[in-house]
Amino acid sequence: MNRVAHRTAGRLAPARPVVSSLRRGVGRDPALVRTFGLRLGSGTIAPPRVEPWHQLVTAASGRATVHTAAAAFPLPAGTGVWIPAHVPYRIALAGPAEVRLLYVRPCAESRAAAVPLEITPLLAELIARTIEHGALDARIPAQRRLAAVVADEIAALHESTLAIPLPPRPGLARDAAIALIADDARALGIEGVAALCGVSRRTLERAFARELGVGIAIWLRRLRFVDALHALRAGSSVTDAAFDAGYAAPSAFIAAFKREFLTTPRAFVR
């Protein structure tokens, strides 16, 4: 069985035995879609990447975030991230989570950049069914038809707005952003994060504005909205999610959320 190193647990976590098959060239491999699924505790994993196969990353449960060099993509239930074959990435897990990946062949309609996507209920079921097979074989008619439906569903997915841009260069702004995304410094607020980095709030604000073209307060607000979405999808009320996001009243939270995502929190998680 193939295994993936799980840094936090200090052991190897079982994974689906797909890596050796993926290493074969596309032209000689009868698979149309392959999978990688595993359950892990908190930590960071780097799933197998085999060019030229693209990947669709989803989380069936728990809190997971996909990190590329350009952005962090939270994975609440009902969302996914498209990862082109050439884009390196890792997945950070905040507690136990189940991660599901599809490997798909490149085609003319393949997206060229890493983007967050809204996963339809139908595609979620198709992913679960595909993982049961392990891979979809072009030589088996039923699996060939299933692969065609999977491909059509992926092509029709709408992009979501759940992307947290990261400062592109190493330095103060990027260090602060990574600490905030990892929850290490979220409760400290901007003043506390600035102190943690050994600079003034104004210096940190200038660094963010210079690197991202957006203020750290606006950036942090989006991050807290993501926290609220995780809570709502886990069953929390809008009131509790609003308080957890730092709002004194649910109405203010709903209004701010609607300005950011053009819909209400409840509508977003349906």
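Please treat every number below as a calculation from the coordinates, not as lab data. Just so we're clear, the structure is a prediction, and the values are computed from it rather than from any experiment. Heads up, the Cβs are rebuilt from the backbone with ideal geometry, glycines too, and the neighbour counts pull from every protein chain shown.
Scanning the chain for DSSP H helices at least 18 Å long along the axis (C-alpha atoms) with a Kyte-Doolittle mean no lower than 0.5 picks out 121-133, 216-233. Can you give me the C-alpha center-to-center distance between the stretch 232-270 and the stretch 107-177, rounded to a whole angstrom? Each part's Cα centre sits 26 Å from the other's. Here the simple spin-label model places points 7 Å from the Cα toward Cβ, and for residue 140 and residue 210 these points are separated by 5.7 nm.
Taking other Cβ atoms within 10 Å as a rough exposure proxy, 158, 67 sort from fewest to most as 158, 67.
If you place +1 on the Cβ of every Lys and Arg and -1 on the Cβ of every Asp and Glu, how big does the dipole about the Cα centre of the chain come out, in debye to the nearest 20?
Working: 34 positive and 21 negative charges, 107 e Å.
That gives the chain a dipole magnitude of about 520 debye.
For residue 42, the residues whose modelled amide H falls within less than 5 Å of its own, excluding neighbours fewer than 5 places apart on the same chain, are 95. Distance between the 7 Å Cα→Cβ label points at residue 125 and residue 260: 3.2 nm.
Only Cα pairs under 8 Å and 6+ residues apart enter the sum, and on that basis the relative contact order of the chain stands at 15 percent.
With the charge dipole of the chain set up from +1 on Lys and Arg Cβ and -1 on Asp and Glu Cβ about the Cα centre, the Cα lying farthest toward the positive end among the listed residues 208, 168, 53 is that of 53. Apply 1/(1 + (r/R0)^6) to the Cβ-Cβ distance of residue 179 and residue 90, taking R0 = 25 Å, and write down the FRET efficiency to the nearest 0.05. After rounding to 0.05, the efficiency reads 0.95. I'm spelling it out carefully: the read-out is Rg and Dmax of the Cα atoms in Å, the candidates are (i) 23.7, 75; (ii) 35.1, 136; (iii) 19.6, 63, and one was derived from this structure. Which label? Label of the calculated value: (iii).
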